Amino acid sequence: MNRIILAKINQSKYINDMYENEYLYFKSLKEFRSDSKDKTGRLDPKELNVNNIQIHNLTIKTDNHEIELHKVIKDFKGQLMEHLSESKINCCSLHWMELEPNKENSSFNEKLLEMGEKALLIVDLVKFFKILDESIEKSNYKYTRKKVTYYSPKEFNGEISLLHKDVEFEYQNEYRILILPTENKPINIPLPGLKKISFMIDSKNLNKLMIQ
């Protein structure tokens, strides 16, 4: 029987603090939207996008003439992306692992190590979600949570949600929790009893996880 484990990966000081003080850290979602590239893979220029529209015809107009790019460029293809200009949403991202008996973690990717040297492993999801949902509701936030759906911006056409991400980040196998409305400031959601359903390991050992 497969076992699902969620992992929060970050720097040791943050993971240790979350574990010792039993909480989850939520950061403003808009802070993840950036054109900058970082090693952690947390920054994404498509974060907050809500539409990904394929364009097959594009004309540039000037005072003197028009240029039909779809006729000038062979196999022209472009995208029109629309995003939220303002959001009051905070996010906590976890790595979803589904372990098979007597087999090493097949979802492990070396890129995960760039997210931090320590991982908080949540091993009892039934209790975790019960504690989490009750704590969020007690804090008077609305919330949504599920596995992220990955899509190809060059192929997908239509509306997307804040639970979608570029296929470039598929290695993260993200389980995303969103809370709202917020003031776009960091928020700690208390998780009383977290220590009883979790433990910490070095991120480099994620690939060695095995259930027997």
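Readers should treat all values here as calculations from the given coordinates under stated rules, not as data from a laboratory. Owing to the predicted nature of the structure, the values given are computational and were not obtained by experimental measurement. Methodologically, a virtual Cβ is constructed for each residue, glycine included, from the backbone with ideal geometry; neighbour enumeration extends over all protein chains shown.
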Could you give the nm distance between label points at V167 and E110, where each point is 7 Å from its Cα heading toward the beta carbon? 2.3
Among 103-113, 40-50, how do they line up by average Cβ neighbours within 10 Å per residue, starting with the highest? 40-50, 103-113
Assuming 0.36 nm per residue, please report the length gained on full extension of the stretch K154 to K77 beyond their Cα-Cα distance. 26.9 nm
For the chain, give the share of DSSP beta bridges that are antiparallel, in percent and rounded to the nearest 5; count only bridges with both residues there. 90
Near K127, which aspartates and glutamates are there with a Cα under 19 Å away, not counting those fewer than 8 places off in the same chain? E20, E22, E98, E137
Among the listed pairs K118/K146; K111/K138; K88/K204, which have their C-alpha atoms separated by more than 29 angstrom in this model? K111/K138; K88/K204
Listed peptides 186-195, 152-161 by packing density, highest first (mean Cβ within 10 Å): 186-195, 152-161
In vacuo Debye scattering of region 1-159, one point per C-alpha: log10 I(q)/I(0) at q = 0.11, 0.12, 0.15, 0.19 Å⁻¹? -0.64, -0.73, -1.02, -1.41
